[in-house]
Amino acid sequence: MPSTLVHLGAQGIVSKAVFRKADLKWVFLGLVIPDVPWILQRAIRVLPFTPNPYDLKLYGVVQSSLAFCLLLGAALALLSSSFWKTWAALAFNSLLHLLLDAAEQKGGNGVFLFAPASWRMTDWDLLPAEGWAVTLLTALGVAVGLWGLYQQVRAPAGPIPPLRSRLLLAAAAGLAAYGLLPLAFIEGPLEADAFSIRTLKDVERRPGRAAAFDRAVFLPEDGGRLRLFSGEVLRVEGISLDRQALVTAGGVFLAPDRFRADRWVAHTPRYRDAATGLGLAFGAAMWLHAGIRRMRRSWKP
């Protein structure tokens, strides 16, 4: 997936063109919705106990599909002053996020636009993950983030919408459905071999089967090793690096623990993580300012 700054740059501009009075706070929330499962999963991995990595990945695949993005967007829009306008902005930006993800060259990674009706992955494989277009959009994301903060600070305070109990209950129900319903659908992406998980789980039948891994860790020792998201380490052939690196690789299994990379690309260390962290910081700052302003006005006598 492109960094949050890339999405902020592209989607901030497009959203302002489509929704002229769009609040950038809600635009940000919409563009980050498809990444919510992966952000939460990175947090979960630091805990002393974690679920099965394959099931956790499949759960995230379901949650990041368009249908579940729309569900989460609807739950959040119930907390706004105008449900339909807010949900339209959230839905539009969730869809645009997924389309941008599908355009990036990732290898073995894509998006699911028609799930749960179809678990066919959409992956157009057009833009290099760190090419000139992504670099330009990253810089644009910094500009949009700074502009959004400026607009947030100088905008006059509007009326405080009341939080009605029935809307809070409906939002809570939507969030509960977003958290629980994916458990009923994880067999879909498993059967479709999303992220090559079906191939990885069927260890004895791996030889001869194609697979692809997005941003696995290449380890140069012992002729080359590839550490996957599950923690498993494979012997790997075909990657000519003398340093540890994040790589996206596609190829075929030669043995249950040996993989031949027929195509691969190394990524710039920490580039995407830094750009994503800065993009999330811009969005968090906008929402934090709005929250502080609301509390101050609520406490006034």
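Each reported figure results from applying straightforward, stated rules to the coordinates on display, with no laboratory input. Note that the structure is a prediction, hence the values are computed from the model and not measured. All Cβ positions, even for glycine, are placed from backbone atoms using ideal geometry, and neighbour counts span all protein chains on display.
For a straight C-alpha distance cut-off of 17 angstrom, the lysines reachable from Lys57 (same-chain residues fewer than eight places away being disregarded) are Lys106, Lys201.
For the pair Val252 and Val153, label points projected 7 Å from Cα toward Cβ lie 5.9 nm apart. Think of the chain as having a plus end and a minus end, set by charges on the Cβ of Lys, Arg, Asp and Glu; of Leu79, Pro34, Val153, Val153 sits farthest toward the positive end of this dipole. Can you work out the PRE-style zone for Ser230? Point 7 Å along Cα to Cβ, and I want the residues of region 172-199 with backbone N under 18 Å. Under cut-off, by backbone N: 186-199. Using only Cα atoms, find the angle between the long axis of helix 132-154 and the longest principal axis of the chain, and express it within 0 to 90 degrees, rounded to the nearest 10. Tilt relative to the chain: about 20 degrees. Here the extension length gained between Ser82 and Val217 equals 44.1 nm, from 0.36 nm per residue of separation less the Cα-Cα distance. Dividing the summed -39500 (n - 2.57) terms of all DSSP H runs of n ≥ 4 by the residue count of the chain sets its mean residue ellipticity at 222 nm at -16500 deg cm²/dmol.
Projected onto its three principal axes, the C-alpha set of region 57-153 covers 41, 35, 20 Å, listed from the longest axis down. Excluding Ala89 itself, calculate the net charge of residues whose Cβ lies under 14 Å from the Cβ of Ala89, where each Lys or Arg counts +1 and each Asp or Glu counts -1. So the surrounding residues net to +4.
So for each of 113-119, 87-93 I average, over its residues, the number of other beta carbons within 10 Å; can you give me the resulting order with the highest mean first? Each step should come with its number before you reach the end.
Numbers: 113-119: 15.4, 87-93: 22.0.
Highest-to-lowest ranking by the protection proxy: 87-93, 113-119.
Per residue, the average separation of C-alpha pairs within less than 8 Å and at least 6 apart gives region 126-234 a relative contact order of 8 percent.
Can you spot the lysines whose alpha carbon is less than 27 Å from Lys85's alpha carbon? Ignore those fewer than 8 places along the same chain. Straight-line reach from Lys85, under 27 Å: Lys16, Lys21, Lys25. Taking all Cα pairs closer than 8 Å and separated by 6 or more residues, the relative contact order of the chain comes to 21 percent. Maximal additional length on extending the Thr122-Val46 stretch stands at 24.3 nm, based on 0.36 nm per residue less the C-alpha distance.
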